[in-house]
Structures are given as structure tokens and as C-alpha cells.
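Report on one structure; see the data block that follows.
The values are calculated or read from the model by the stated rules, or taken from the named source; none is laboratory data. If you're wondering where the values come from, they're calculated on a predicted model, not measured in any experiment. Reconstructed Cβ throughout: ideal geometry from the backbone, glycine too, with neighbour counts over all protein chains shown.
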Amino acid sequence: MKSKALKWLTTVPVALAVAVSLAACGGGSAQTTASPTDALQGSDQKSLDKYTTKDVTPLDKIDKSKLGLISDGTLTVGTLSDAPPNIYIDKSGKFTGYDNELLRAIADKLGLKVEFKSTGFASLLAQVQNKQFDLGSSSISTTDARRKTVGFTNGYDFGYMAVVAKKDSKIKGFKDLTKDTRIAVVQGTVQDDYVTNTLQIEPVRFEDYNTAYANLKNGQVDAWVAPSQQATGQVKEGDGTVIAESVVNTQNFTAYAVNKENQPLIDALNSGLDAVIADGTWSKLTKEWYPDRETPATWSPGSKAVTVPKS
């Protein structure tokens, strides 16, 4: 698998990301108003530094009565059920995955319970902003367009995406994706935006990751552009598929989505995130869920004030 840095230019219009933040998108033709940009070059920290907070409110200063929760003492969380290793339901029926287990640890620091509810990504951000959920947990890339609809915590993970193809395919990486390629994406995702607006190719949109991958396996599509985490969780030995290329994006980090008017909850979650970073929980969970992955030296989670303990 090839790996290199990925830069998402924040000035690129993200038509699908805006649309999904308001309501679920249909499967019709997307507007490709963006001029082509090379999203596969380098990575700087300008966007990250613009949003990452300098520090956080101390945990003992968090007033839980001001968090505006749907249910007092409980975080009501919208999440996905089919995107391992980040967000999924295990065989026992438990919502789990890296993102959700990290959120449980953050909630524990805040003395809060967590109630997960399954939803689709296409409607998640709108549901958060409409206060159907207190927050969204779904490996959400924090694009500027999405910030027009919802607020975000500090980052807890860096982003990266992959192109998945059949083992005998001529598609060996992003450079091989053309207008003649049938490319699967999950609608409303950053990958949908990338294919539509940066590559200016009309993708084949699916509601969830399982269906997108199934259509690749049965030959209905030629490639699947997916979050690398979900690609890793889906591709199994014997499937006849391979992760052809994976690219890293430290600019638009991954964070929890919160109603943008609820700054007290954003502040509280940022405090809890710094606490689980400082005590080593973040490092432990990251190693547990991503045993073979290295965190880029140019990126770190949480606020600028917290330090990841040395292993």
C-alpha cells in the first residue's frame, strides 16, 4: 500500500458537504462548480491551527447544568452501525469502535453517561444541529463547509482516505481514477466531495459503507473511495479486493460534531479529550484499535496545551 500526505484546500467548494449538513442528499446529478485542484499534495497545519484551541477549561470548572443535554447527565450520540474499526455495532449489540470508546472515556472524565443511537451519515450533521442528538460520533472530517452548519471539538484523530479496487484491476491509486471509472462513495462524505468537486467525476453514491463495498466486490463499480479506517475494516482476505492506495490528511482533522450554538458542551468535551490524552487513555485506545498505524509527527490530538505522554 502506498502512503503519502494529503492536503485538502479549504477554499474548494464542497457542495455535497453543505447539502448533507442540511438534509439527506438524493442520488441525482451533483453540481461540479469547483475548479479542479490537486488535493494530493503535501500537508500544512494552517487549517488545523486556525481551529485548535490554545487550552481548555479545567475539568473541575465544567458546569454540567449548562451543557444543554437532551437528557440530564447523559450524552445522546448519533453514530453509525457499519463502519469498523471506528463506529459500529459488535456481535453482542454494543455500539463500539475507536471513536465511540474514546467518547465513553471522555464522558467518564465528565461524569456523564453515553447513549448511542444509530443513524446514517447523510443525515447526521443536520440531526446534531437540529438537536436530535447532543453530538455526532462518526470519524467526521472538520471541513470549513461543515462548520457553517455544526460546531466541532478539537481533533482526536487525523484524516486519511483510500481507493479500494479488485486485485486484478488496473486501478492502482488515485491517479487511475478517470471519468470512465465507476467510483463508489458514501453520499455526503468528504470522499463524495473529493470525487465530485476535486476530480470532477460523477460518483455512484450509496447510503452506507457496507453497500458501497458490496457493490465493488460484485463488480457493479470499479473502485471505492473511502475513509482509510473503513477500508481497513471492510477489506478481508479472500474478498478479491485490495487497498490500492492510502493518503494521509492532517489538515482537516477528525472531531465530534456538536450544535454550533452549544459552546459549553464543546468546551466540556474538549476538556475531557485533553484529560484522556494526558492520562494515556488516548494513546492506549489508538494502539488498541490501530496497532499498525503511526501518527504523523506533524499532528497531535486535543488542544495546543496538552502533551501526548511518551510511550
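Among the residues of region 258-286, which ones are assigned to a helix (DSSP H, G or I) and under 18 Å from the mean Cα position of the chain (by Cα)? Reasoning before the result, please.
First pass over region 258-286, keeping only residues assigned to a helix (DSSP H, G or I): 263-278, 281-286.
Matches in region 258-286: ILE266, LEU269, ASN270, LEU273, TRP282, LEU285, THR286.
Hey, among the residues in region 189-205 that are within 17 Å of the chain's Cα centre (by Cα) and in a helix (DSSP H, G or I), which one's nearest to LYS236 (Cα to Cα)?
So the first thing to find is which residues in region 189-205 are within 17 Å of the chain's Cα centre (by Cα), and the list is 189-195.
Imposing the further condition that a residue be in a helix (DSSP H, G or I) reduces the set to 190-195.
Values: VAL190: 24, GLN191: 21, ASP192: 23, ASP193: 26, TYR194: 25, VAL195: 24 Å.
The selected residue is GLN191.
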Taking the condition of being assigned to a helix (DSSP H, G or I) and either surrounded by fewer than 22 Cβ atoms within 10 Å (Cβ to Cβ) or in the same structural domain as PRO84 (by TED's automatic domain parsing) (or both), how many residues in region 206-232 meet it?
6
Residue count, region 63-88 (criterion: buried (at least 17 other Cβ atoms within 10 Å of the Cβ) and either modelled with pLDDT of 95 or more or at positive phi (or both)):
7
Hey, could you check region 256-305 for residues that are over 17 Å from VAL77 (Cβ atoms) and among the β-branched types (Val, Ile, Thr) and say which is surrounded by the fewest Cβ atoms within 10 Å (Cβ to Cβ)?
THR298
Looking at ASN100, ASN130, can you tell me which residue is among the polar types (S, T, N, Q) and surrounded by 21 or more Cβ atoms within 10 Å (Cβ to Cβ)?
ASN100
